[in-house]
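Written out below as structure tokens is the structure these notes cover.
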Amino acid sequence: MDIDLVDQDFYWRNGAPHDQLAWLRANAPVYAHPGDAERGWPGFWAVTKHADVVQVSRRSDLFSSSRKLALFNEMPEDQMALQRMMMLNQDPPDHTRRRSLVNRGFTPRMMGALEGHIRDICHELVDEAKGRGSVDFVRDIAAPLPLYVICELLGAPVEDRDKIFNWSNQMIGAEDPDYAADPDEGTNAAAEVYAYANTLAAERRAQPREDIVTKLIMPDAAGETLTEEEFDLFVLLLVVAGNETTRNAASGGMLAFFEHPEQWRRLVADRALARTAADEIVRWVAPVNLFRRTATTDTTIGGQEVKENDKIVVFYSSANRDEEVFADPGVFDIGRDPNPHIGFGGGGAHFCLGNHLAKLELRVLFEVLAERLPGLEQAGEARRLRSNFINGIKDLPVSVA
Ligand code: HEM
């Protein structure tokens, strides 16, 4: 089989290469993927089975997040400076200290307290959509929801929403001509978010509020605190990690319902299914397609020997359809329970900090949509994001009449 798991244009046209991934799971679950000298991509090990992705994710000692940062291509050192300082790109023990400081703001209880606010936002977005008759599901519903929630978490004023929206698009859409004229725009946007976070933190230090941002800049019970730089970097990470992922889960979930109308009818008939639907959407869409690690020593993955410094790329989109873990993995089933998907990561140190929040947003959104827009219909072609990292959708025209 012709295997190319990197080709941005393939993802742009078709989404994740599920046929190739299924073939790899069956025939070469830890596959020596060739590099592409012309584009400057070195080769890597493509890890496609659920159990192997979990092993790589949980063993930070064997599979580092801090060595060789770029996903496929090797970035110039100056562009890596910001990346290197982010929690996502660190290993224990550096990572552990930061993670425990930010965990304070993201407990299930704190996220649960946002439910009423999230529901209000969903109703507001539906009211606006109903008034217009036909809308773009991505621009008018899936994108604003996480954006407004992140702004709320950050205490960012309403007038800054557009600015944050554009930054987030430029960072994640650096390879998509609709979002960024060239990849440097992504780097510039990151620098602007970083500066913005700095201003925001300075305001909260001067005038503490009852919000999550203020909580995160205050010392914890042991007197530990995030440095100014660590806080700014965390905001940068939140803007990227909390926006695009949830947006693409919501729009990919909506598309899945259009492609499986019987599942939509099921949800409309029983809105309590929105809870398991949220997990099934994350399994099905795998908004984060992959992540990379680097082997810290000679070791094995699923019986395959890998060498120190080898690049390891784990494919969540593949693990989430592993036939050994999921019955009928190619079926979108909103009642699937249990659902041991690893769309939020395979466990271990970096497991998604926002998983409770993302699931809450998805559950409430689909409850409200099923209640108020049961006749929602697709009204045009979905256009995908040009990215091999985020399984994203840019446009999804819908009719709400
Ligand atoms: C990390 C997926 C929503 C914040 C991650 C990772 C994945 C992921 C795959 C990396 C796990 C690893 O390397 O082991 C998703 C998906 C989401 C989502 C699919 C939505 C459906 C969110 C939200 C937030 C968030 C809403 C914040 C408000 C983070 C942060 C990290 C992270 C801060 C880095 C954690 C660390 O390095 O310790 N997410 N995420 N995510 N996510 Fe999410």
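Brief remarks follow.
- Using only Cα coordinates, the Kirkwood hydrodynamic radius of the chain works out to 21.7 Å.
- From the Kirkwood radius over Cα pairs of region 232-361, Stokes-Einstein at 4 °C and 1.567 mPa s returns a whole-number translational diffusion coefficient of 80 µm²/s.
- Candidates E361, E210, E262: whichever shows maximal mean-square fluctuation once the chain is modelled as a Gaussian network with Cα springs under 10 Å: E210
- Value at 222 nm in deg cm²/dmol, rounded to 500, when DSSP H runs of n ≥ 4 in the chain each add -39,500 (n - 2.57): -15000 deg cm²/dmol
- Spherically averaged projected area in nm², based on the convex hull that wraps the Cα atoms of region 1-143: 13.1
- The rule of thumb for compact globular proteins, 2.2 N^0.38 Å, goes into the C-alpha radius of gyration of region 133-234 1.23 times.
- A cut-off under 14 angstrom between Cβ atoms defines the neighbours of A269, and their net charge, with Lys, Arg +1 and Asp, Glu -1, is -1.
- Relative packing of 281-289, 38-46, 58-66, 216-224, which averages over residues the other C-beta atoms within 10 Å, highest first: 281-289, 58-66, 38-46, 216-224
- A dipole drawn for region 96-253 from +1 and -1 charges on Cβ atoms has a positive end, and of I164, T96, H123 the residue lying farthest that way is T96.
- Structural descriptor for region 284-326: relative contact order 44 percent, calculated from alpha carbon pairs under 8 angstrom and at least 6 residues apart.
- Think of each Lys and Arg Cβ as +1 and each Asp and Glu Cβ as -1; about the Cα centre, that makes the dipole of region 249-401 roughly 500 debye.
- Antiparallel bridges, percent of DSSP beta bridges restricted to the chain (to nearest 5): 90
- Taking a straight Cα-Cα cut-off under 23 Å and skipping sequence neighbours fewer than 8 places away in the same chain, the lysines within cross-link reach of K359 are K215, K394.
- Rounded FRET efficiency, nearest 0.05, which uses the C-beta distance separating K307 from D94 and R0 of 30 Å: 0.75
- Magnitude of the charge dipole, the chain, Cβ model with Lys/Arg +1 and Asp/Glu -1, debye to 20: 960
- Under 17 Å from K49, Cα to Cα: lysines that are on another chain or at least 8 residues apart: K311
- Selection from L233, H356, H50, by position along the positive dipole direction of the chain (Cβ): H356
- Environment charge at D220 (Cβ cut-off 14 Å; Lys +1, Arg +1, Asp -1, Glu -1): +3
- Computed over region 8-399: relative contact order in percent, which uses C-alpha pairs under 8 Å that are six or more apart: 28
- Difference of contour (0.36 nm per residue) and Cα-Cα distance, H123 to E381: 90.3 nm
No value in this document is a laboratory result; all are computed from the given coordinates. Keep in mind the model is a prediction, meaning the values are calculated, not measured. As a convention, Cβ positions derive from the backbone with ideal geometry for all residues, glycine included, and neighbour counts pool all protein chains shown.
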